[in-house]
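A short worksheet on the structure shown next.
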Amino acid sequence: MAVTKRGLLLASTAVAVSAVTITGAGIHLSEGQAFFQESPKGLVDEVWQIIDRTYVDGSFNKVDWKATRTEYLNKPYTNKEQAYKAVREMLKKLGDPYTRFMDPQEFKNMQIDTSGELSGVGIQLAADEKTKKLTVIAPIEDSPAFAAGILAKDIITKIDAKSTEGMDVNQAVTLIRGVAGTSVKLTVLRGGKQLEYQLKRAKIEIHPVRASYQKDANGGGIGYIRLVQFSAPAPIEMKNAIEKLEKQNVSGYILDLRSNPGGLLFTSVEIARMWLKQGAIVSTVDRKGEREREQANNRALTDKPLVILVDGGSASASEILSGALQDNKRATLVGTKTFGKGLVQSVRGLGDGSGLAVTIAKYLTPLGRDINKNGINPDIEVKLSDEQRQALSGDRNKIGTAADPQYAKALEVLTQRIKAQQPTVPKS
């Protein structure tokens, strides 16, 4: 049941209402399928064994994990629903919203590939680690949630008038997902204000990379690249975008990671290598210490000046990429502090088609910064008001233009960096 690098997940994208950030490489099928169908207790023990071997916290949240096994194996189970309930109770002791059990339908939802057409409202959800409240990590661009103005950090308090108090993320996803064309009402809390959104579910096609050639203040050209998700096709789309812009002889780049909730770990590493010639990118640390360190491999596609836009919706894989380029002094970060999610998961298939997501490691930036719960601070802070954010959410065409205050600042910073690298002409 080895975990492949390409199958590793970053925890902030653990549950997506309209998308899932895993590919088949991240799913590990259980050898105990036949046994489970005869013995629901077998599933309980299998989950316990996986946690015992791989969970990132060797203290198991200061829980006597061996006693927990005894407790739950001594209970009678007459059907799989009882086993499912017991597994969820057992995992709750870990205090980790990202280590979670999925019944067969939930697990099937998790296996939707991010390159395909998806059905939902387009929000990435997580349970806040401190408050346990259902929190929006980021809306997906061109989705109903994005168009309606739902923002990162919004707290979902009701789903169709049903309170989310004490509700886990999987329950929320089940309530929010549905057939395209049907509606769901979300009540959110934002800065002390309660807001209601009536959303119509839709099919959502996600293209992770959007790029354009833009004129700078000096009449030259710069490359603007917006990366909305670290999905499986993102590296090839990023490579194509950079190569096309290089042929157009741009002088520098703005890479926009705002509201990017993350995705596949190895995708972030591959993309970092396109910008960074040498140096460390990220290290993953499990309960035994450093597990692996990823390095640049001298295959950068460009060495031109780079500014990265980040905000509170930039999470996990976005933080790996921006942290690596900031630590290596390859890029200047503009915007606001990132989300602060630095946990890595593997996803495993179990028994009758159910599944288990397990937090197996955390990641550190090249300089050893632990981003989990801390986030990354930009080099230059530019905050947006709620009105400005809503204006950009309501009119996507304004993003990456002069009407976008953070982009305008990034362009100013990039222009300065380009000038600083130009050779000085001696005076005669």
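State whether the residues of the stretch 370-387 include one that is in a helix (DSSP H, G or I) and either out of contact with any Leu (no Cβ under 7 Å at 6 or more places or on another chain) or not hydrophobic (A, V, I, L, M, F, W, C) (or both).
yes
Can you name the residue in the stretch 209-219 that is aliphatic (A, V, I, L, M) and under 24 Å from the mean Cα position of the chain (by Cα) and, of all such residues, is surrounded by the fewest Cβ atoms within 10 Å (Cβ to Cβ)?
Ala211
Answer yes if at least one residue in the stretch 265-284 is of a type in the set (Gly, Ala, Ser), in a loop (DSSP other than H, G, I, E, B) and modelled with pLDDT under 95, and no otherwise.
Scanning the stretch 265-284, I find no residue that is of a type in the set (Gly, Ala, Ser), in a loop (DSSP other than H, G, I, E, B) and modelled with pLDDT under 95, so the answer is no.
Could you tell me which residue of the stretch 86-104 is nearest to the chain's Cα centre (by Cα), considering only residues that are basic (Lys, Arg) and closer than 17 Å to Gly353 by Cβ?
Looking at the filtered set, the residue picked out is Arg100.
Suppose the filter is touching a Phe, Trp or Tyr at 6+ places or on another chain (Cβ under 8 Å), surrounded by fewer than 23 Cβ atoms within 10 Å (Cβ to Cβ), outside any strand (DSSP E or B) and touching a residue at least 60 places away in the same chain (Cβ under 8 Å); does Thr302 pass it?
The answer is yes for Thr302.
Of these, Thr415, Thr401, which one is assigned to a loop (DSSP other than H, G, I, E, B) and farther than 12 Å from Ile308 by Cα?
Within the list Thr415, Thr401, the selection yields Thr401.
May I ask you to say which residue of Ile112, Ile206, Ile222, Ile140 is at pLDDT below 85, touching a Gly at 6+ places or on another chain (Cβ under 8 Å) and either buried (at least 16 other Cβ atoms within 10 Å of the Cβ) or over 23 Å from Ala391 (Cβ atoms) (or both)?
Ile140
Contact list please: Cβ distance under 6 Å, first residue in the stretch 114-143 and more than 14 Å from Gly178 (Cα to Cα) and acidic (Asp, Glu), second residue at pLDDT 80 or above and surrounded by 21 or more Cβ atoms within 10 Å (Cβ to Cβ), pairs at least six apart or on different chains.
Close Cβ pairs satisfying both conditions: Asp128/Thr135; Glu141/Val228.
Look through Arg348, Arg330 and report the one residue that is among the basic types (Lys, Arg) and farther than 21 Å from Asn260 by Cα.
Arg348
Take the residues in the stretch 341-383 that are of a type in the set (Lys, Arg) and either over 16 Å from Ala126 (Cβ atoms) or at pLDDT 90 or above (or both), then tell me which one is farthest from the chain's Cα centre (by Cα).
Lys383
Of the residues that make up the stretch 309-331, is at least one free of Cβ contacts under 8 Å to residues at least 24 places away in the same chain, out of contact with any strand residue (DSSP E or B) (no Cβ under 8 Å at 6 or more places or on another chain) and in a loop (DSSP other than H, G, I, E, B)?
yes
The values are calculated or read from the model by the stated rules, or taken from the named source; none is laboratory data. This one's a predicted model, so the numbers in the text were calculated from it and none came from an experiment. Please note: Cβ atoms are built from the backbone with ideal geometry, for glycine as well, and neighbour counts cover all protein chains shown.
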